[in-house]
Amino acid sequence: MYIGFDIGGTNIKYGLFHEDKLIEFKTIKTSDGEILKAMKSVISKYENIKGIGIAAAGLVNYNDEVVFSPNINEFRNVNFKKVFEKYCKNVKAINDVNAMALCELKYGYGRNYKNFIVLAIGTGVGGAVVINRKLYLGTNGFAGELGHVKISLKGRRCRCGRIGCLESFVGRRYVLERLPSNVDMIDVYLYAKRGNKFYLNVLKKISKYLSIAIANFVNILDPEAVILSGGVANDIILKFTKEYLENEKIYRSIDILLSNFKDKAGVIGAVINILHPEYIL
C-alpha cells in the first residue's frame, strides 16, 4: 500500500493506493502549523506502507525537502524523509503542481502531447513544465514557479516578496481581498454563470492576466498545450482566456485545456513520483 498526500494552502488531500490504483481518497481541513501533525495522524492509521508520496506547495528540492512555501509558514526547510522515516523509509516529495503534471502525463490530457505546461490556480499559483514527455525540474528541483513570474511593475506585494507576480493578480486569496467577505470563488463562478456582470468582470480580469502570462510562457517554451487546473480555474475563465490570447502576439496556435482531475491530480502524481521515476527529466 502507498499513501499520497497533496498539501495546499487550505487543506490536505490524501489517497491510498494499491500499486498505482487509487482505492480511497479523502480531504481534511487543517491550519498552518498543524499540517505535519495531521499527516502523521493519517499515516499512523495504516500498516505495511510501501511508500509515502508528498506533493507540497512550495520549493521542493531533490532531497525531498520543502525549502520555502509562500502560502504555508510551517514549510521552511522541512525534510519529509526525516519527518516520516519512522513510518516508512521510502518517502519522496515533489512540488504539488509538478505532481499534477505527472498525473496529466500518465493519465490525462498530457498523454496527447510531447511538450506542455500545467498552470494551477488556487490559493496561490503554481506551474510545471513537461519537455519531450519528461517533467523538467531544473538544477535544484525548483523549476516551474510560473506563478511568481512578474507580469506588472505595479500591484500588491506577493507573499513570495516580489511585486507584480501573476499569483498576486489571480490567486484566490488576492482575488477575494477585493470582494465582499462572504463571497468565495465558487460564488463568483455561480454568479457569473447566471450572467451577473460584476462577477463576469472579475473572471474576465483573471483571464486577462492569465493570457498575458501564458503568452510569455509560450514565447519562451513553445509548448503544444497549456493545461489549467486548481480551484479558481473554470470553464468561463477558459473561454475568456482563449479569447484574450487571440490578441496576444504569440504567432502560433496552442491548445488551452481545463484539467479533468479536479482535486485528485496532486495525490495521484505524488505516488507516480515514487513508482515511475522515468517520467522525471
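The values are calculated or read from the model by the stated rules, or taken from the named source; none is laboratory data. Every value quoted in this text rests on a predicted model; they were computed, and no experiment measured them. With ideal geometry, Cβ positions are generated from the backbone for all residues, glycine too; neighbour counts draw on all protein chains shown.
Of note:
- Filter result (buried (at least 24 other Cβ atoms within 10 Å of the Cβ) and under 10 Å from residue 101 (Cα atoms)) within the stretch 121-138: 127, 128, 129, 130, 135
- The stretch 211-264, residues that are under 30 Å from residue 23 (Cβ atoms) and in contact with a Ser or Thr (Cβ under 6 Å, 6 or more places away or on another chain): 227, 229, 259
- Among (1) buried (at least 24 other Cβ atoms within 10 Å of the Cβ); (2) under 16 Å from residue 228 (Cβ atoms) - the single one residue 109 does not satisfy: (1)
- Being under 25 Å from residue 121 (Cα atoms), in a loop (DSSP other than H, G, I, E, B) and of a type in the set (A, V, I, L, M) holds for only one residue in 49, 72, 94, and it is 72.
- Meets criteria (in contact with a strand residue (DSSP E or B) (Cβ under 7 Å, 6 or more places away or on another chain), under 20 Å from residue 67 (Cβ atoms) and of a type in the set (Asp, Glu)) for residue 145: yes
- Candidates in the stretch 126-161 are the residues that are of a type in the set (A, V, I, L, M, F, W, C) and not in a loop (DSSP other than H, G, I, E, B); of these, the one that is farthest from residue 215 (Cα to Cα) is 135.
- Checked against (1) in a helix (DSSP H, G or I); (2) within 16 Å of the chain's Cα centre (by Cα); (3) touching a residue at least 60 places away in the same chain (Cβ under 8 Å), residue 106 passes all but a single condition, namely (2).
- Across the stretch 51-98, the qualifying residues are those that are of a type in the set (Ser, Thr, Tyr) and within 19 Å of residue 30 (Cβ to Cβ), and the one among them that is modelled with the highest pLDDT is 87.
- Test: residue 267 is buried (at least 18 other Cβ atoms within 10 Å of the Cβ), touching a strand residue (DSSP E or B) at 6+ places or on another chain (Cβ under 7 Å) and not assigned by TED's automatic domain parsing to the domain that holds residue 136: yes
- A Cβ distance below 8 Å, combined with a sequence gap of six or more or placement on separate chains, defines the contacts here; from the stretch 162-191, residues that are part of a helix (DSSP H, G or I) reach residues that are among the polar types (S, T, N, Q) in the pairs 169/152; 172/123; 173/71; 173/123; 174/168; 189/234.
- Residue count for the stretch 138-174, restricted to those that are within 14 Å of the chain's Cα centre (by Cα), aliphatic (A, V, I, L, M) and more than 20 Å from residue 233 (Cα to Cα): 1
- Selected residue (only one of 203, 257, 210 is aliphatic (A, V, I, L, M), at pLDDT 95 or above and not in a helix (DSSP H, G or I)): 257
- Failed criterion for residue 239 (all others in (1) in a loop (DSSP other than H, G, I, E, B); (2) farther than 23 Å from residue 114 by Cβ hold): (1)
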